[in-house]
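Presented below is the structure to which this report refers.
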Amino acid sequence: MKPKSARQPCALVVDDEPDIRELLEITLSRMGIETRAAHDVANAKNLLGNHRFDVCLTDMRLPDANGIDLVRHMQQHFPEIPVAMITAHGNMESAIEALKAGAFDFVSKPVDLQMLRKLVNTALELPEQTATAQPPSKHQLLGDSAAMQTTRKTVAKLARSQAPIYIHGESGSGKELVACLIHEQGPRRDSPFVPVNCGAIPTELMESEFFGHRKGSFTGADSDKAGLFQAAEGGTLFLDEVADLPLSMQVKLLRAIQEKAIRPVGAPQEIPIDVRILSATHKNLASLVELGEFRQDLYYRINVIAIDVPSLRERRDDIPELVAFFLQRIATAWQTEAPTIAEDAMQALYEYDFPGNVRELENILERAMTLCEHDEIKSADLQLPTGQKANNKSAASSAQGLDPLLDNTQREAILTALEKTRYNKTAAAKLLGLSFRQLRYRLKKLGID
């Protein structure tokens with residue numbers, strides 16, 4: 001445990017059952033945490049106004065009000081204090097309601113003391129809420145548009161919760177980046193962030209990939225294998241394209257989230273897990289639920305709190321900053337100088353709809369750097385698709401880079417030029433009518449050493 005300061009951390013325990021209060025106080029005391037107890041909401045509010053707390057544990061059912069009322073009060077007046085809800089066993093509806101109200105996490109009765117200790121330690125790891133910049137990270141959400149400012153504020157707020165988050169946005173808009181930032185700005189930042197593309201795992205291997213397996217549990221299982229949930233233990237599991245999960249796997253995932261436990265294939269019993277679930281898809285999950293292609297109960301479990309990632313056309317003011325960032329990043333990777341971008345090219349980018357969003361912008365700029373002359377990108381170098389039909393396909397075509405149908409022809413032309421110039425790349429580029437940078441890019445794309 002890493003308390004926020006040198007002083008002894010203090011917890012507020014709110015429960016009308018003396019035995020439960022005593023159990024929690026003894027457990028927290030053994031963790032080196034001072035406690036103050038209240039038997040109802042009114043008494044808890046009084047203590048909050050007169051003492052400093054680092055964490056709060058409250059029962060759902062209290063004599064004078066619902067525990068969720070206390071959660072809402074703390075969100076309004078003491079948002080810096082993480083509050084965890086104690087719910088009746090199996091009452092996921094109450095737990096979800098508490099999370100939506102702003103609870104940090106929940107624990108079910110009878111209280112599992114090991115899970116409780118983990119929860120409290122995680123809460124005490126939360127960074128202080130300040131007006132200063134976000135913690136240093138190699139990941140960042142670029143742009144100062146109103147949409148991105150709102151997104152950054154939402155990410156910072158959601159990072160303090162342990163609630164499952166559903167991230168919705170178009171392909172290429174940055175959903176995984178948002179998930180990574182939620183993880184990095186929260187108390188699990190020192191534990192693994194495990195992203196998985198649900199659509200890339202063969203159906204017959206899904207259970208083993210997610211939950212692991214025991215040696216001999218099926219043909220080819222020559223040894224024990226940990227699954228993705230175990231790999232993310234203590235951290236965050238990001239389920240990208242969660243809509244692609246088959247219904248059979250959705251049932252197993254639902255149980256894992258509800259019970260906070262998994263059973264590896266071939267194992268005799270379940271094992272507890274401590275993992276935060278983030279999920280994303282570019283599809284409309286609500287529509288898939290109506291069509292019967294996605295389980296409604298799982299939808300409600302992973303969609304406790306939702307965040308929408310804006311498309312690039314919703315934040316066009318960010319295009320210049322993104323262009324400068326990507327050109328410099330590409331130039332650094334190629335060990336060359338970043339080109340400038342002509343006014344007509346920037347105007348063309350402003351007017352383009354970017355169905356492939358930020359990912360498409362990066363691909364367009366990478367291609368333009370190979371085509372531009374005199375270190376200046378002009379509108380023709382962007383090769384933006386024209387017409388609605390072309391727009392709909394541009395994200396995929398941009399991602400492919402050089403047209404695969406031309407690869408062999410280009411490869412032969414480049415190899416011939418290299419042979420004629422005795423592998424002098426500068427001379428070969430001149431012979432091909434390319435700049436040295438353009439040739440180097442093509443060599444990299446075609447895998448020519």
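The values are calculated or read from the model by the stated rules, or taken from the named source; none is laboratory data. Nothing here was measured: the structure is a model prediction, and the numbers come from that model. Cβ coordinates were reconstructed from backbone atoms using ideal geometry, including for glycine residues, and neighbour counts include every protein chain displayed. Areas reflect the complete protein model, heavy atoms only, side chains present, ligands, DNA and RNA absent. Shrake-Rupley method; radii C 1.70, N 1.55, O 1.52, S 1.80 Å.
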Counted charge near Ala98, where neighbours are those whose Cβ lies closer than 15 Å (Asp, Glu -1; Lys, Arg +1): 0
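With charges set only on the Cβ (+1 for Lys and Arg, -1 for Asp and Glu), what does the dipole of the range 235-289 come to about its Cα centre, in debye to the nearest 20? Don't jump to the answer; show the numbers that get you there.
Details: 6 positive and 6 negative charges, 25 e Å.
Rounded to the nearest 20 debye, it is 120 debye.
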Mean Cβ neighbour count within 10 Å, used as a protection proxy, ranking 222-229, 158-165, 259-266 highest first: 158-165, 259-266, 222-229
Please work out the average accessible area per residue across the chain, using the 1.4 Å probe convention, and give it in Å². 49
Taking placed amide H atoms and a strict 5 Å upper bound, the residues 5 or more places from Ala306 or on another chain that come that close are Tyr166
Report, by chain and number, residues whose modeled amide H sits under 5 Å from the one on Ala261, excluding near sequence neighbours (fewer than 5 apart, same chain). Ile273
Name the residue, out of Asn303, Asn46, Asn424, whose mean-square fluctuation peaks in a Gaussian network model built on the chain with Cα pairs under 10 Å. Asn424
Hey, in the GNM for the chain with a 10 angstrom Cα cutoff, which one of Asn357, Asn197, Asn91 fluctuates hardest? Asn91
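Hey, got the dipole for the chain? About the Cα centre, +1 on K and R Cβ, -1 on D and E Cβ, debye to the nearest 20? Before the final figure, lay out the partial values.
Values: 52 positive and 61 negative charges, 197 e Å.
Dipole of the chain, to the nearest 20 debye: 940 debye.
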For Arg276, distant residues with modelled amide H under 5 Å away: Gly235, Thr236, Leu237
Violating pairs (Cα-Cα greater than 30 angstrom) within the set Lys260/Lys283; Lys175/Lys252; Lys225/Lys283: Lys225/Lys283
May I ask for the Kirkwood hydrodynamic radius of the chain, worked out over all distinct Cα pairs and given in angstroms to one decimal? 25.2
Placing +1 on each Lys and Arg Cβ and -1 on each Asp and Glu Cβ in the chain, then taking the dipole about the Cα centre, the residue among Gln438, Tyr299, Pro110 whose Cα reaches farthest towards the positive end is Gln438
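Within 10 Å, count the other beta carbons around each residue, average over each peptide in 11-23, 168-180, and list them highest first.
Numbers: 11-23: 18.2, 168-180: 21.7.
Packing proxy ranking, top to bottom: 168-180, 11-23.
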Carbon plus sulfur fraction of accessible area for the chain, probe 1.4 Å, in percent: 48
